[in-house]
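A short worksheet on the structure shown next.
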Amino acid sequence: MTTSRPTRTRRHLAQACVLAAGFWFSSAAWSIDTPPLQDPSSSKTQIALTKLHDITNRASELAVQALSMLGINYRYGGNSPETGLDCSGLVRYVFKEAWGTDLPRTSAEISRVGEKVEKVDLQPGDLVFYNTLRRGFSHVGIYLGDKKFIHSPSAGGQVRIEDMDVAYWKKRFNGARRIINDGEE
């Protein structure tokens, strides 16, 4: 049975809404004031909680910005939602809008920025790279969590969410990078 494009689009949009709601709820939960702890390790605990809250907020900013691009048409060399985006154009646009961070133009150049991340340590907002053109790091997307990533696929496609465990993507995975926000230590 094949699924029509409108049905798939609605399903992806529903998944994106659920994911965005999850980010929003997790951010809201972390914004609740907690009473100060009285034991000597409380400062370490508070520092750890603050860092975790910051990571969640930064990932939420990237995810919400990326999810707002769902359905934008692919365009080779494209770098704006109005005219279309290619994979690196999407990544560059999202990071610029969410964090004000300028990234290089191509996926291969982006693959040399930030710090290397192991697949098992992926966090929302990390970049995932694939070999789709018989050369390493020829495609890039943004990891959303739960083994899902968002990307601008290829000619005729639109920005969409994919599952990293699908055989096509699993076979072509090249690595991942974490871009450090300028506001981070």
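Since every read-out is calculated from the coordinates, none of them should be taken as a lab result. These numbers were taken from a predicted model, which means no experiment stands behind them. Please note: Cβ atoms are built from the backbone with ideal geometry, for glycine as well, and neighbour counts cover all protein chains shown.
Annotations
- Where trypsin sites (Lys or Arg not before Pro) fall in DSSP loop in the range 70-99, at most 15 other Cβ within 10 Å: ARG75
- Sorting 118-127, 142-151 by average packing, meaning the other beta carbons within 10 Å per residue, from highest down gives 142-151, 118-127.
- Residue (of GLY157, VAL128, TYR143) at the positive-pole extreme of the range 90-185, dipole from beta-carbon charges: GLY157
- Table column - 3J(HN,Hα) (Hz), the range 138-149, Karplus curve with 6.51, -1.76, 1.60, x for Gly and Pro: 8, 9, 9, x, 10, 5, 9, x, 6, 6, 10, 9
- Among the listed pairs LYS96/LYS147; LYS44/LYS116; LYS96/LYS148; LYS96/LYS171; LYS119/LYS147; LYS44/LYS119, a Cα-Cα separation exceeding 20 Å is found for LYS96/LYS147; LYS44/LYS116; LYS96/LYS148; LYS96/LYS171; LYS44/LYS119.
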